[in-house]
């Protein structure tokens, strides 16, 4: 029976790039991890050993660094769109049919110091000094197939905790049930979110303000988590997703993965102590894993389930 | 505009379980990491705060441990099939429509010692003592939707290296090309493989010998890697996939993810030394990432691209 | 030849604890990872199999959780001192001669929302909702030997970067030198700092304000990093250490481990582009590793070199 | 009050090197991670910004790669001794007083295949194809101060498990005790071992066979773990240490760090099932951590406690 080469793709992954914009005494930095993946006419590369259609992964890497210089990095999304378009539109003989650019962005904030060169009154930012900030990583994934651009941005490792306003009861009981119902528990999770933009890269279409959009989606996720009185992490998930859709018209679809980072109340009775929801053991594993998509009516969701 | 709850699933992830089979003086162990994920009628859980349809993740965890005792763990695949069928077929009011069980298995081998209780001549295995072996992790993913079972098994973190018999030349040159053509290079990769079985869980269908199948697929992957004179990692990938399909009729489709773990020849000329393919710097990042599927003709591939 | 049992210690490591202080509607949380290690009369435990002198690691764990309830967690340092004193002073027959408590603390900040229960004008903190903040982990190590307390606090994973004001030249050249001198480079490092307090636990001795001291030491490390025009990472290290000693009289000794996280200027000449210190490749490995201690004159340094 | 620069050291860490020895059709590979650390007359580097005494970390890296070519890598230990001697003895003006070389070595085994070029009967090794093997990493640390060489070798991440022959009872009970005594439990640990060689680098002193010594020490550790009927992990630790000293005269001192990787018996009674030491939950944290040194009488132990 014959064998067939199915879906295949390749590229250089995890190109770590720091881009400095040096405006007089005040610098800006962008700190990215860029992964390139190409699809196209690569059958011969697999079957015959001919590399005539192969754009080397080394070249895709060089292109990332060269583009960072030529065009700057306005935002991860805008940079990814430039790269994806280039690989599809400019590779010789049109052998690249589709390009996917995945980017992680690491946040930095300026170090403030009373003794900075500006020497204003009060504490001042130093123009060229930065400290990594936040736990979360910003992500984006651009796909361009020669016609349309698809942008799915997101974040991961945003760890949040409510120390009250969470219950869990009224669930199915079967022969394997031992869980006690809870009327006041800690709810903690490490948010992975991805959201798809309506933007499709048409010639006449303005790009959203990607950085502002990111900041606002992150804010709405946090606020919805904080303000939702929760009867399950699923309910919190849905509240987070709808909050984003309600507030950010540029977003069509939100996918959330919420591991339930269990905090178990420690039994202190053997020591003659009452534990009034004060002392918890924070467990690593096992964890509940709650995943779901919320999207606008009429939109076909595209964010893949992993 | 209204919002819709799209695809959603939940369950307990990463249930770490060690199962001991104690036959007289010789024990057997299975060391698994089991993740459960359920799909079904969970709209209310998300929208109204009612958990009437929610089988708690805690219960899914209990079920894993109880089943390990009741049925033993013949293999990761057989165990996963039992669990998936249970969650769909036995949960009350049929609210679970589909269950996915992912399992990682960690390999152990017996410690051999000259002084074991059996005290045979020569070195002997101790019946209850084990050492973790190998770098790779065995994986499987079972999906059951009430009708059919789908089994995708695999491995990850299998690190291999050819110190010769690898070339790379004849590729596209563009304005961003700097790579020199290579006629003798190290080829190293960390194999992630997933393969789909033809088995679909029909009543009259015998399960493959899962453990033997795993061992043989692993062997064919290694042999194909070792024996292929390579003009690209893509070519090696295709050789590995077809080798498995040629030798294992129970497998329909093979997906491989092969990061090209670059080994750069160190320039020793400044020190008056010639580097005749002897001294390499092993880089972490960036890396080429080559991915592809090989499947039988007529089979529709189902292993997701990630 | 006889064998001797030398230095030995044991205890429960990585007790993960979250302590909630619930004051009306506004909660406080402490998120710690506590490791206990005991030294004492444990020869028999090793040599004869008698556990008569063994305080089980499980008991040391229980004690951590019980103390969190009984005494609260004012600060990691104060909590560690309580625990260390208990294990030495209260364990029966005085078999524990010395106790070491290591604690990691993870920082959280309140989530601010416009819609919080307090409903003040403007954005408000929600009283029970938190987001993990910062990259760095706060650390402390308490040792108590029945007489004196020693406190070494610190931080790790504080990642900082100067995009200019760093040079490196004038170094030794030998036959293995290829490095070009640099007159404007990125200087980036991931700070691990440990500092010893003068506090020794005498009865009449007030404890420093540990939390304030931590905040201030961290601030001085950041400011010294930002404000030092650097000719080597060693020079920056010394500036950071002295800045702390100059400003924090409660600190006697500072140990710094500064991996030089290399940012290599990408050669863009092959693409007809000039790289005016704008585009860097951020490398993982290898890295320079610079370590050093700065201490007050007359003080014998005690922070171990690892 | 004046400040003093105390202990300090620097060098290039984590130089990843793969060295291929190409003998006709059969290659050998060594896969190392080499870290260099130098002590000496580096005050000015810290205090004045003068690098006149600074041998750049980049040069120490170059030296590692050049030496790998010039001298080959007979063993990690022999290679480390060459490097340490070089940095102290050959650096100009004797500014380097002491050098420490730390090396990790990763194990590979040959891939065997029925179809290798040699085409012998039966399965054959392919001369240039390798698969990473084992979980454990071999380690060594060489220190040379201009007079004496000190070699401390070891291993880490060797994970072992006894499914029976382990008890724990008869321990101290206090008000925080809840642990039940155990008469048949799983004992599992992830061995970190370091052992000091008597070898001191005198001119007339032959180096031990480092590779054989490593293999034998590893074997004795495994055998002692497997054959010891254990009343505590401490007792097992002591048995492992003495076993090495009894069998390997070239070793003076053994340090072991043994995390007690807890396997908790799952309570299956709620499900009407008896758990006869068959089903365990393998916990990540907390873990007992047992550490101890065993040394020959008359030897002053030098392996640092971390």
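The values are calculated or read from the model by the stated rules, or taken from the named source; none is laboratory data. Small disclaimer: the values here were computed from a predicted structure and weren't measured. Cβ coordinates were reconstructed from backbone atoms using ideal geometry, including for glycine residues, and neighbour counts include every protein chain displayed.
Search segment C:1-12 for residues being touching a helix residue (DSSP H, G or I) at 6+ places or on another chain (Cβ under 8 Å) and touching a residue at least 24 places away in the same chain (Cβ under 8 Å), and hand back the single one that is surrounded by the fewest Cβ atoms within 10 Å (Cβ to Cβ). Per the criteria, the residue is C:5.
Within segment A:167-193, being in contact (Cβ under 8 Å) with a residue 40 or more places away in the chain and part of a strand (DSSP E or B) holds for A:168, A:187, A:188, A:189, A:190, A:191, A:192, A:193.
Only residues that are assigned to a loop (DSSP other than H, G, I, E, B) and away from chain C (no Cβ under 14 Å) were counted across segment A:128-161, and they come to 4.
Here residue A:164 meets each of (1) part of a loop (DSSP other than H, G, I, E, B); (2) more than 23 Å from residue A:300 (Cβ to Cβ); (3) more than 10 Å from chain C (Cβ to nearest Cβ) with one exception, condition (3). Listed by position, the strands (runs of 3 or more DSSP E) contained in segment B:199-306 that have at least 3 residues being farther than 20 Å from residue B:183 by Cβ are B:251-260, B:287-296. Within the option set C:29, C:73, C:17, being over 27 Å from residue C:202 (Cα atoms), more than 9 Å from chain D (Cβ to nearest Cβ) and surrounded by 24 or more Cβ atoms within 10 Å (Cβ to Cβ) holds for one residue only, C:17. Taking the listed residues B:172, B:186, the one that is within 14 Å of chain D (Cβ to nearest Cβ) and either more than 22 Å from the chain's Cα centre (by Cα) or at pLDDT below 95 (or both) is B:186, with no other qualifying.
Being touching a strand residue (DSSP E or B) at 6+ places or on another chain (Cβ under 6 Å), in the same structural domain as residue A:110 (by TED's automatic domain parsing) and under 17 Å from residue B:260 (Cα atoms) is the requirement here; does residue A:68 meet it? No, not satisfied. Give the residues of segment D:281-306 that are more than 8 Å from chain C (Cβ to nearest Cβ) and farther than 20 Å from residue D:150 by Cβ, sorted by residue number. D:281, D:282, D:283, D:284, listed by residue number. Quickly run through segment C:267-281 and pick out the residues that are surrounded by fewer than 22 Cβ atoms within 10 Å (Cβ to Cβ), in contact with a strand residue (DSSP E or B) (Cβ under 9 Å, 6 or more places away or on another chain) and either free of Cβ contacts under 8 Å to residues at least 60 places away in the same chain or closer than 30 Å to residue C:196 by Cα (or both). Correct list: C:268, C:273, C:275, C:276, C:278, C:281. For the residues D:191, D:251, the requirement of being in contact with a strand residue (DSSP E or B) (Cβ under 7 Å, 6 or more places away or on another chain), at pLDDT 95 or above and more than 14 Å from chain B (Cβ to nearest Cβ) singles out D:251.
Name every residue in segment D:61-120 that is in contact (Cβ under 8 Å) with a residue 24 or more places away in the chain and assigned to a strand (DSSP E or B), in order of residue number. D:96, D:97, D:98, D:99, D:100, D:101, D:102, D:103, D:104, D:105, D:108, D:109, listed by residue number.
Screening B:47, B:38, B:55 for residues that are within 7 Å of chain A (Cβ to nearest Cβ) and crowded, with 24+ Cβ neighbours inside 10 Å leaves exactly one candidate, B:55.
Residues are listed down the side, and each one gets a yes or a no for (1) within 14 Å of chain C (Cβ to nearest Cβ); (2) under 26 Å from residue A:306 (Cα atoms):
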| site | (1), (2) |
| --- | --- |
| A:178 | no, no |
| A:182 | no, no |
| A:210 | no, yes |
| A:215 | yes, yes |
| A:229 | yes, no |
| A:266 | yes, no |
| A:274 | yes, no |
| A:279 | yes, no |
